[in-house]
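Where a number appears in this text, it was derived from the coordinates with a stated rule and is not lab data. Fair warning: this is a prediction, and the values are worked out from it, not measured in the lab. Here Cβ is always computed from backbone atoms with ideal geometry, including for glycine, and neighbour counts include all displayed protein chains.
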Amino acid sequence: MPDDVPELVRRCLSGDEAAMAELIDRFRGQVFGLCYRMLGHRQDAEDMTQEAFVRALRSLNRWDSRREFRPWLLAIAGNRCRTLLASRRKVPRPTGEVDYLPDARPDRQQQLNLAEEVRLALSYLREEYRQALVLFHEQQLGYAEIAEVLDCPVGTVKTWVHRARRELADHLRRRGVLEETDHAVRRI
Amino acid sequence: MQCEEFEVQLNEALDRRSPLTAVEALAHQRACPDCRQRASAYGLIARELAQASLPAAPQDLTECVLAEVRRPATLRFSPRRRAALVLAAAATLLVAVVGVRLMGRGDIGPAAAQQVAGKSEKPVAKRRRAPSPQQGVNAPSDRVAVAPKQSEPKPASEIVPSISDTAALPAAEWAQQVADGLQPVTRPTLGAATGFLQVWGLGQKRPPAAQGPRS
């Protein structure tokens, strides 16, 4: 965490818009990345990113300056995404996601897009698993920080990350991705 | 080493963000195709996520957020909550009207309760009786008579003419009589309910020159 975040927050609380803009610019990538991974939809991610920042700026006085700012902010973003996902469950899943079937195309090797396969596999994970895994690997947060974001014990976060890895790996294996890439991925 | 133990060590290595170095685990990985594939998959996932090229946040994010923050907080309700509020207001209005009517008629009590529940026909018969001159003053349940004089209580038969008494009247005229009889008690209630709906149910924006319900 940058050391001057508490000072930035103090300026924000005094109504300094330049400080607000600086705070947004500093964390926009991480907040948007989390929202995008959680929602898998760009427009929704943009909306939730904006909502998260608005909420955070309006409730900055509730942030405890003795704690890290980033987990606090990401927790707000995560909550917004969960709320949206909960409302999404009431409507059919959006199209654009590939059916969960093995891909047996002969030209599979040429068209293999690992990033896309991982993104697809992520979309099948439970929300908690996906969020924990993304926070750990993509946002590079530690388990303690993730626990703060998700408001649950560290042990639970570890379990979620481990299960997410396993489910993701199983999905990739069923999709035939691992056979294609095994020769290229020999070590961790 | 068993496969389960291998997976535990593999996860621990990834949790430390460091490569798997335990000799025993590496030996197992070489010997076990499933675990080798698992290790490959976990490594692939970690690498892909760490190097993921996500779309950039929108350029106008900062401006949009600041514009939203500048805007004063207003009451915003979802359509479902708005519908619930309107229903609640309607129910409150109904209860208020029925209650005031019963009070005006002096029918409060078990019999009135039965009447409201639709379990007794007697109150209907009572309603048909023409009021005696004393009934308006000395009736045992004449509670409204003690109320401020500004709205003189009317006997029930004046407020709601029974259908049998007015069978000969055209429907519109009968409805007008009912409305005239109810006006003194319904007007303030309706006014209050309308104000409530304007502020809460339809309250996307605050009414001018009012602080709104959040005081």
### Task
Using DSSP to define loop residues, name the trypsin sites (Lys or Arg not before Pro) in the range B:16-48 whose beta-carbon has at most 15 other beta-carbon atoms within 10 Å.
B:16, B:17
### Query
Could you give the nm distance between label points at residue B:59 and residue B:91, where each point is 7 Å from its Cα heading toward the beta carbon?
5.2
### Task
Measure off 7 Å from each Cα along the Cα-to-Cβ vector at residue B:21 and residue B:98, then give the distance between these two points in nanometres to one decimal.
7.8
### Query
So if R0 is 51 Å, what FRET efficiency would residue A:113 and residue B:70 give, r being the distance between their Cβ atoms, rounded to the nearest 0.05?
0.75
